[in-house]
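Submitted below is the structure of interest, expressed as structure tokens.
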Amino acid sequence: MPDARRGLLIILSSPSGAGKSTLAGRLRDWDPDITFSVSATTRPPRPGEVDGQHYRFTDEAEFRRMVADGDMLEHAHVFGNFYGSPRAPVEAAISQGRDVLFDIDWQGAQQIAGSALADAVLSVFLLPPSITALRERLQSRGQDNDETIAKRMQKSWDEISHWDAYDYVLINDDLDATEARLKGIVAAERLRRARQPGLVAHVRRLQSEFEEH
């Protein structure tokens, strides 16, 4: 389609436990055409995780090769493991007008914002309502031991300190309300004048019709 818009790179970031994974899932339920960027990682799979669906699980040698070959759009070392976003599927999706969703940290967001795909980026940072609530969410997930939770809490302020580098910032004090606001942001960004390549031709047709009458 010649008038199809270019896809968005929708980046969601937050400290662990602030709700980005839940909201990413809800956003995809709202619009199943949004493609989720499946990150590559060197960490072992957690129970129930499927290779190629939740993550692309790989070893460190292969991960480093992809970085060296320029095959990663962004990458970072977090809690002893490497994470990164393979470039090729992202470029293919946005060129076809499909939005790509990233659940990544501020380091990855900065790398993408500084890449050749920067003009397609829509970045959203999620803040917790309080540090107490953040800790309670991490504990209630039941995924990590006390030591890992402590490390995530120590890292949370570093994450939060980069809030002002994002296009939008939402306080996730109510999941349903935050979901509604996030959907509104995506809908509005899709309608930006610069993202509608068919507008110029349409206005020219209107001008021609006007002159004919």
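Does anyone have the angle between helix 199-212 and the longest principal axis of the chain? Alpha-carbon axes, 0 to 90°, nearest 10?
20 degrees
For Asp29 and Glu136, what does the FRET efficiency come to when R0 = 25 Å and r is the distance between their Cβ atoms, rounded to the nearest 0.05? Write out the running numbers ahead of the final one.
Details: r = 25 Å, r/R0 = 1.00.
Efficiency, from the Cβ-Cβ distance: 0.50.
Here's a follow-up. Between Val78 and Ala150, 0.36 nm times their residue separation minus their Cα-Cα distance comes to what?
Working: separation 72, 0.36 × 72 = 25.92 nm, distance 1.43 nm.
This chain segment gains 24.5 nm when fully extended.
So for the chain, what are the equivalent ellipsoid semi-axes in whole Å, largest first, each being the square root of 5 times an eigenvalue of the Cα gyration tensor?
Details: eigenvalues 240, 93, 41 Å².
That gives 35, 22, 14 Å for the three semi-axes.
Once each part is reduced to its C-alpha centroid, what is the distance from the range 148-207 to the range 69-123 in angstrom?
Computed from Cα coordinates, the inter-centre distance equals 15 Å.
Using 7 Å Cα-to-Cβ label points, what is the Tyr168/Ala61 separation (nm, one decimal)?
4.4 nm
Suppose R0 equals 30 Å; then what is the FRET efficiency for Ser95 and Gln143 from their Cβ-Cβ distance, rounded to the nearest 0.05? Could you put the intermediate results ahead of the total?
Numbers: r = 36 Å, r/R0 = 1.19.
So, using R0 = 30 Å, E works out to roughly 0.25.
Using 7 Å Cα-to-Cβ label points, what is the Ala180/Gln207 separation (nm, one decimal)?
According to this spin-label approximation, the distance is 4.1 nm.
Taking the chain as a Gaussian network, Cα atoms linked when under 10 Å apart, which of Thr22, Thr132, Thr41 shows the biggest mean-square fluctuation?
Of Thr22, Thr132, Thr41, the Gaussian network model singles out Thr132 as fluctuating most.
Now, a different point. Please give the helix 146-160 orientation as an angle from the longest Cα principal axis of the chain, in degrees from 0 to 90, rounded to the nearest 10.
40 degrees
Kindly identify the range 54-141 as rounded, prolate or oblate by the Cα gyration tensor criterion: order the square roots of the eigenvalues as a ≥ b ≥ c, call it rounded if a/c is under 1.5, otherwise compare a/b with b/c, prolate if a/b is larger, else oblate.
Taking the square roots of the gyration eigenvalues as a ≥ b ≥ c, the range 54-141 is oblate.
Still on this model: If you average 1/r across every pair of different Cα atoms in the range 103-143 and take the reciprocal, what Kirkwood value do you get, in Å? Don't skip to the end; give the middle numbers.
Details: mean 1/r = 0.0806 Å⁻¹.
It is 12.4 Å.
So what is the relative contact order of the range 9-212, in percent, for Cα pairs below 8 Å that sit 6 or more residues apart? Don't skip to the answer; put the middle values down first.
On the way: 261 pairs, mean separation 58.0, N = 204.
Relative contact order for the range 9-212 comes out at 28 percent.
For a test of the definition: using alpha carbon positions, the gyration tensor, and the 1.5 limit on a/c, classify the range 1-107 as rounded, prolate or oblate. Let's see the in-between values first.
Working: a/c = 1.91, a/b = 1.30, b/c = 1.48.
Oblate, because a/c is 1.5 or more while a/b does not exceed b/c.
Nearest 500 deg cm²/dmol is fine: what mean residue ellipticity at 222 nm does the chain get from its DSSP H runs of n ≥ 4 alone, each adding -39,500 (n - 2.57), divided by its residue count? Please report the intermediate quantities before stating the final value.
Details: 8 runs with 93 residues, N = 213.
So the helix-based figure for the chain works out to -13500 deg cm²/dmol.
Same structure again: Report, to two decimal places, the Cα Rg of the range 13-75 normalised by 2.2 N^0.38 Å (N = number of residues). Write out the running numbers ahead of the final one.
Numbers: Rg = 13.6 Å, N = 63, 2.2 N^0.38 = 10.6 Å.
Taking the Cα Rg and dividing by 2.2 N^0.38 Å, one obtains 1.28.
Mind listing which trypsin sites (Lys or Arg not before Pro) in the range 122-213 are in a DSSP loop and have 12 or fewer other Cβ atoms within 10 Å? Each step should come with its number before you reach the end.
Numbers: sites: Arg135, Arg137, Arg141, Lys151, Arg152, Lys155, Arg181, Lys183, Arg190, Arg192, Arg193, Arg195, Arg204, Arg205; in loops: Arg192.
In loop regions of the range 122-213 (DSSP not H, G, I, E or B), the sparsely surrounded trypsin sites (Lys or Arg not before Pro) are Arg192.
Another question about this same structure. Below 17 Å, Cα to Cα, which lysines can Lys20 reach? Residues fewer than 8 away in the same chain don't count.
Qualifying lysines at Cα under 17 Å: Lys155, Lys183.
All of the numbers you see were taken from the coordinates with simple rules; none came from a lab. Keep in mind that what you see is a predicted model, and the values were worked out from it rather than measured. Virtual Cβ from ideal backbone geometry, glycine too; neighbours counted across all protein chains shown.
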